[in-house]
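Visitor: Provided herewith is a single structure, encoded as structure tokens, for subsequent inquiry.
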Amino acid sequence: MTGYFEKGHVPINKGTKGMYNVGGNSTSFKKGEKPVTYKPVGSEMIDKDGYTLIKVKDDGPYQERWVNKQRVIWEKENGPIPKGHVILFADGNKGNLDIENLILISQSQLVRLNKNGWIGKSKEVTEVGIKLADITSIIAAKKKSFSE
């Protein structure tokens, strides 16, 4: 005998699906039973990047069930976030979810802020950075129009 099993041996789990599945998946979860990891709507968690997520519904894809809490707070106070815009933490602290600390900016402004390191530790510094991002965008557009 060269191997552990004899030639022609049929494994006990042949034809079944799933890990550790000897009896079949039909009894894995009863209908209506919730997994032990289930979180109700309104639950919060912090993701790997440090953002606070809040569960807004039970069904649908993950991205629709869990939403960044700063978006929920902003939309409650100011309405929907326009396409191409993001919410920025003025003091750079992702845990500070006060409405006064949230700023609506365009994605192009965010690119310039990140590229130049203009997001500060205070709201005033970040607001100056946003103004600088706007100025550099205007200068870049003027340069482009002169070169054409």
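The values are calculated or read from the model by the stated rules, or taken from the named source; none is laboratory data. Note that this is a predicted model, so its numbers are computed, not measured. Cβ atoms come from the backbone with ideal geometry, glycine included; neighbour counts cover every protein chain shown.
Visitor: Of SER137, SER108, SER122, SER147, which residue is surrounded by fewer than 11 Cβ atoms within 10 Å (Cβ to Cβ) and of a type in the set (Ser, Thr, Tyr)?
Guide: The conditions single out SER147.
Visitor: Turning to a different aspect of this structure: Within the stretch 94-105, can you find the residues that are touching a residue at least 40 places away in the same chain (Cβ under 8 Å) and surrounded by 14 or more Cβ atoms within 10 Å (Cβ to Cβ)?
Guide: Correct list: LYS94, LEU97.
Visitor: Another question, then. Say whether the condition of being small (Gly, Ala, Ser) and over 21 Å from the mean Cα position of the chain (by Cα) is met by at least one residue in the stretch 105-121.
Guide: yes
Visitor: Quick check on my filter: what residues within the stretch 71-93 are in contact with a helix residue (DSSP H, G or I) (Cβ under 9 Å, 6 or more places away or on another chain), touching a residue at least 12 places away in the same chain (Cβ under 8 Å) and assigned to a helix (DSSP H, G or I)?
Guide: ILE73, TRP74, GLU77, ASN78
Visitor: Hey, another quick one. Considering the stretch 112-148 alone, what residues qualify as being among the β-branched types (Val, Ile, Thr) and closer than 18 Å to ASN93 by Cα?
Guide: ILE119, VAL125, THR126, VAL128, ILE130
Visitor: In the list GLU64, GLU33, which residue meets the criterion of being of a type outside the set (S, T, N, Q), modelled with pLDDT under 90, out of contact with any helix residue (DSSP H, G or I) (no Cβ under 9 Å at 6 or more places or on another chain) and surrounded by 10 or more Cβ atoms within 10 Å (Cβ to Cβ)?
Guide: Criteria check complete, one pass: GLU64.
Visitor: Return yes or no: is LYS121 in contact (Cβ under 8 Å) with a residue 24 or more places away in the chain, of a type in the set (Lys, Arg), outside any helix (DSSP H, G or I) and in contact with a Ser or Thr (Cβ under 8 Å, 6 or more places away or on another chain)?
Guide: no
Visitor: Would you confirm, using the coordinates I've provided, whether ALA141 is farther than 23 Å from THR52 by Cα, outside any strand (DSSP E or B), small (Gly, Ala, Ser) and out of contact with any helix residue (DSSP H, G or I) (no Cβ under 6 Å at 6 or more places or on another chain)?
Guide: The answer is yes for ALA141.
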